[in-house]
Amino acid sequence: MDIDDWRRKIDDVDKEILKLLNLRAAYSIRIGDIKRRDGEPIYSPEREVQIIARVVRENAGPLTAGGVRRIFERLIDESRKVEKDVTKGNKERSE
């Protein structure tokens, strides 16, 4: 295989990652609805610590633990933003 073949493989993986990221965001919206209904805060630091610890523990590499941690910190931050925006009624998704 040449570099173009590998790039096509990466493009395919990127499409799948994007699909899964949006699925995760949709789940975050549902969680935000439940939190709003139950009067719970959007920010749950204990849950975020649990998520980071789990994904770092489950990481088989070649990504480093630090790399996985940074990726998921950002992912959680964006998920929290989606929860917050939808909870406040802000449906804009163009940022």
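None of the figures in this text is laboratory data; all of them are computed from the coordinates on show. This is a predicted model, so every value here is computed, not measured. Cβ: placed from backbone, ideal geometry, glycine included. Neighbour counts: every protein chain shown.
For region 46-68, give me the residue count where each residue is under 14 Å from E83 (Cβ atoms) and without any contact (Cβ under 8 Å) to a residue 12 or more places away in the chain.
Here the count works out to 1.
Out of R74, R80, I need the residue that is surrounded by fewer than 16 Cβ atoms within 10 Å (Cβ to Cβ) and charged (D, E, K, R). Which one?
R74
Can you tell me how many residues in region 27-51 are surrounded by 10 or more Cβ atoms within 10 Å (Cβ to Cβ) and closer than 16 Å to L75 by Cα?
The number of residues fulfilling the criteria is 13.
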